Amino acid sequence: METLLEGYRRFRSDIWPAERDRYERLAKRGQRPETLVVACSDSRVDPQTVFGAVPGELFVVRNVAALVPPYSPDSQYHGTSAALEFGVRVLKVRQIVVLGHAQCGGVRAMVEGSPEEARDFVEPWIQIAWGVRELVPQTGSVEERIAAYEAGVIGLSLDNLRTFPWIGQPAAEGRIGLHGFSFDIHTGVLSRLTGPGRLDPVA
């Protein structure tokens, strides 16, 4: 805890003085981000850092493996879907980004199975993406298959976004942009999903 508090103190002494006006404007006018990011909870992949964003620019939703479930309004708990609804219908974001990454533990669990200690919630959650397994050849090394799954999961999340009527229709009409990216932790390279299972480095 002391490490976190030391970080806060650095924020107050080094960052807050220069950013105070920005925070005061955000407090007075509210947030108006243009981009919603669905990202993995992995501590090594921070969307604000990857995209060089400042407070107020990104509305971020984080979960295991950056998964978007299909549209399913019912009495169950839907944290990711609730955030999408608020970002799209209330904040009126203009684009949605799915940010996956290399070495994703959630995706690895699809290949190797969930850890025994994480089967109450992680295992049923990653079943959202099990359809990807049918698209990935079960040949090559485990690492090659995991890389293919990582790209496939990004595409699946984009497809599931389109099942939300207030995302799919605006996206088809060009009023909301949908984008898929993957961040390589080892190299720091950001790649864009340019086709099914295809990731090309951003120039």
Whichever residue in segment 87-101 is part of a helix (DSSP H, G or I) and touching a residue at least 24 places away in the same chain (Cβ under 8 Å) and, among such residues, is nearest to Val38 (Cα to Cα): Gly87
Any hit, segment 84-93, residues being surrounded by 14 or more Cβ atoms within 10 Å (Cβ to Cβ), in contact with a helix residue (DSSP H, G or I) (Cβ under 8 Å, 6 or more places away or on another chain) and of a type in the set (D, E, K, R): yes
Residue match in segment 73-81 (condition: in the same structural domain as Gly155 (by TED's automatic domain parsing), among the hydroxyl-bearing types (Ser, Thr, Tyr) and modelled with pLDDT under 95): yes
Boolean, Ile176 is surrounded by 19 or more Cβ atoms within 10 Å (Cβ to Cβ), among the aliphatic types (A, V, I, L, M) and in contact with a Pro (Cβ under 7 Å, 6 or more places away or on another chain): yes
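Just for segment 31-58: of the residues that are β-branched (Val, Ile, Thr) and within 19 Å of Phe86 (Cβ to Cβ), which one is nearest to the chain's Cα centre (by Cα)? Write out each step before concluding.
Just the residues of segment 31-58 that are β-branched (Val, Ile, Thr), to begin with: 35, 37-38, 45, 49-50, 54.
Checking which are within 19 Å of Phe86 (Cβ to Cβ) leaves us with 35, 37-38.
Values: Thr35: 12, Val37: 5, Val38: 3 Å.
Result: Val38.
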Output for segment 30-49, where each listed residue is touching a residue at least 60 places away in the same chain (Cβ under 8 Å) and either farther than 25 Å from Trp16 by Cβ or crowded, with 17+ Cβ neighbours inside 10 Å (or both): Pro33, Thr35, Leu36, Val37, Val38, Ala39, Cys40, Asp42, Arg44, Val45
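The values are calculated or read from the model by the stated rules, or taken from the named source; none is laboratory data. Quantities reported herein were computed from a predicted structural model and do not represent experimental measurements. Using ideal geometry, Cβ is built from the backbone for each residue, glycine included, and neighbour counts are taken over all protein chains shown.
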